[in-house]
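One structure is given below, encoded as structure tokens.
The values are calculated or read from the model by the stated rules, or taken from the named source; none is laboratory data. This structure is a prediction, so every number in the text was calculated from the model and none was measured. All Cβ positions, glycine included, derive from the backbone under ideal geometry; neighbour counts span all protein chains shown. Side chains are part of the model used for accessible areas, which takes the heavy atoms of the whole protein and leaves out ligands, DNA and RNA. Shrake-Rupley method; radii C 1.70, N 1.55, O 1.52, S 1.80 Å.
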Amino acid sequence: MAKKIQPIERCDCDVIHEEIVNKVRENMPQEETLYDLAELFKVFGDSTRIKILWALDESEMCVCDIAFLLNMTQSAISHQLRVLKQAGLVKSRREGKLVFYSLEDEHVKQIFDQGLIHISEESK
């Protein structure tokens, strides 16, 4: 999805709209919250993790199934699942010797779905 680099439009003045700036400043989340949000979005920055999330959006799956689907080693999938689990994006459940993974909750599905909607709108 290569795009032309567009120049940034800038104001030709030095006016500061203090009322707007103050309102935004009052409503801005704390620095730690914004840092945590940035860290969450970093997890989405890996195509393997995106493929895993897409698969888990479709169905609960075990590591073996995901590895076979993505033509990767179970070790590589386990590593990515660990990252996703630490970020609170996936959960696991044990059934005997098998461990099944699924999306943590509806919010993860919504984030994923909104991202897909956004990029499909850009390509129109």
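For the chain, what value does the Rg/Rh ratio take when both radii are computed over Cα atoms and Rh is the Kirkwood radius, given to two decimals?
1.12
Among Leu37, His79, Ile5, whose Cα sits farthest toward the positive end of the charge dipole of the chain (+1 at Cβ of Lys/Arg, -1 at Cβ of Asp/Glu, about the Cα centre)?
Projecting each Cα onto the dipole axis, the largest value belongs to His79.
Taking all protein chains in place and a 1.4 Å probe, what share, in percent, of the accessible surface of the range 15-105 do carbon and sulfur account for?
53
Calculated FRET efficiency, His107 and Ile20, Cβ-Cβ r, R0 41 Å, to nearest 0.05?
Efficiency computed from Cβ-Cβ geometry: 0.85.
Quote the FRET efficiency, to the nearest 0.05, computed for Ile119 versus Glu9 with a Förster distance R0 of 25 Å and r equal to the Cβ-Cβ distance.
0.60
So what is the 222 nm mean residue ellipticity for the chain from helices alone, if each DSSP H run of at least 4 adds -39500 (n - 2.57) and you divide by all residues, rounding to the nearest 500 deg cm²/dmol?
Theoretical 222 nm ellipticity from helices: -18500 deg cm²/dmol.
Given a 1.4 Å probe and the protein chains all in place, what does the accessible area of Met72 round to, in Å² to the nearest 10?
My reading of the accessible area for Met72 is about 70 Å².
How high is the relative contact order of the range 28-122? Use alpha-carbon pairs under 8 Å, at least six apart in sequence, and give a whole percent.
26
Between Leu69 and Asp46, how high is the FRET efficiency from 1/(1 + (r/R0)^6) when r is the Cβ-Cβ distance and R₀ = 25 Å? Nearest 0.05.
So the FRET efficiency works out to roughly 0.95.
What full-extension length gain, to one decimal in nm, is calculated for Leu34 and Asp57 as 0.36 nm per residue of separation minus the Cα-Cα distance?
Length gained between Leu34 and Asp57: 5.7 nm.
Suppose all protein chains stay in the model; what accessible area per residue would a 1.4 Å probe give for the chain, in Å²?
Averaged over the residues of the chain, the accessible area is 81 Å².
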